[in-house]
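The values are calculated or read from the model by the stated rules, or taken from the named source; none is laboratory data. Because the structure is a prediction, the values reported are computed rather than measured. Every residue, glycine among them, receives a Cβ derived from its backbone with ideal geometry; neighbour counts consider all protein chains shown.
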Amino acid sequence: MSTDSFVLTLSCHDRPGIVASVTSELAALQANIEESNQFWDRDTNRFFMRIVFSVPREIGRQIIADALATQVERLGIDYELRDRLRKPKIIIMVSKFDHALLHLLYQIRVGWLRAEVLAIVSNHPECRDLAEMHGIDFHYLPVTRENKAQQEERLLEIVRLGSAELVILARYMQVFSDSLSRQLYGKAINIHHSFLPSFKGAKPYHQAFERGVKLIGATAHYVTSDLDEGPIIEQETERVTHAMSAEDLVATGRDIESRVLSRAVKLHLKSRVVINGHKTIVF
């Protein structure tokens, strides 16, 4: 029998019977549950669940949604349903440093990340040749104080026209406006060095070097209107020593940034991340 595979993620106010109610509806559709994860946040009394399941091919997305409708209304469920066989569409934003961008493109090329890159967007022209080499549309959107609103609207137009599901800030060195941050909430991921807030501003690795830090790292998080304060998805640190130069720290930091960002993107694209207020649930 031919089947299609889906991922269902949901959250709601916790109460007895949620798992039974949802899985019973899926069982009535002859669904086979391949993976199931649950979590109860005691502080907020919210329940979170992720289910991977397959159904006969003739049972499409709308039939599944209709089957769940009664329980969704009764239990006050917020949910997302994703077709696992369809590649998510993404947009990657970058400025001058291309290490995180290159890592993402490589992971997509070898199949570790399943995604379709609709476009590379930059406020600098340096990555145009790289985009063309990979056959990806390149949009050069230089940002000034005077044209920031206009360029953000152009970005939203690119997102809408391509039906992009995720915007990735791969060392894109421009701050989103509050309006853009709200419109892309939960659909935009940023990467930054974990020195924040201790080492804000220019040359954070050089600042860290001057202070003799022993750990450096990176944090991937969702973009919010509060700069670098969004829900955290993934982090990593690495020990450094006094024998390393500032340039050594930069090189190590770029390597960590690339890995952390790609892991965060993969978690998001596989529907393993659910936002829980200022935090995330990562299954």
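What to note about this one:
- Answer residue from region 253-271, given it is surrounded by fewer than 22 Cβ atoms within 10 Å (Cβ to Cβ) and touching a strand residue (DSSP E or B) at 6+ places or on another chain (Cβ under 6 Å) and is farthest from Met49 (Cα to Cα) among those: Ile256
- Residue list for region 18-45, filter: more than 22 Å from the chain's Cα centre (by Cα), in contact (Cβ under 8 Å) with a residue 24 or more places away in the chain and in a strand (DSSP E or B): Asn32, Glu34, Trp40
- The set of residues from region 89-122 being at pLDDT 95 or above and among the charged types (D, E, K, R) comprises Lys89, Asp98, Arg109, Arg114, Glu116.
- Check on Phe209, in contact with a Leu (Cβ under 6 Å, 6 or more places away or on another chain) and over 30 Å from Ser5 (Cβ atoms): yes
- Verdict on Glu257 being part of a helix (DSSP H, G or I), closer than 27 Å to Lys89 by Cβ, assigned by TED's automatic domain parsing to the domain that holds Ile108 and out of contact with any Phe, Trp or Tyr (no Cβ under 6 Å at 6 or more places or on another chain): yes
- Of the set (1) farther than 14 Å from Tyr185 by Cβ; (2) surrounded by 15 or more Cβ atoms within 10 Å (Cβ to Cβ), all apply to Thr237 but (2).
- Subset of region 73-83 (residues that are in contact (Cβ under 8 Å) with a residue 24 or more places away in the chain, surrounded by fewer than 16 Cβ atoms within 10 Å (Cβ to Cβ) and farther than 19 Å from Lys187 by Cβ): Arg74, Gly76
- Residue match in region 75-84 (condition: of a type in the set (A, V, I, L, M, F, W, C) and farther than 29 Å from Asp14 by Cα): no
- Here Arg86 passes the criteria (1) within 13 Å of Tyr172 (Cβ to Cβ); (2) surrounded by fewer than 18 Cβ atoms within 10 Å (Cβ to Cβ) except the one numbered (1).
- The one condition in (1) part of a helix (DSSP H, G or I); (2) touching a residue at least 12 places away in the same chain (Cβ under 8 Å) that Ala69 fails to fulfil: (2)
- Some residue of region 47-65 being in contact with a helix residue (DSSP H, G or I) (Cβ under 9 Å, 6 or more places away or on another chain), in contact (Cβ under 8 Å) with a residue 60 or more places away in the chain and either closer than 20 Å to His268 by Cβ or assigned to a strand (DSSP E or B) (or both): no
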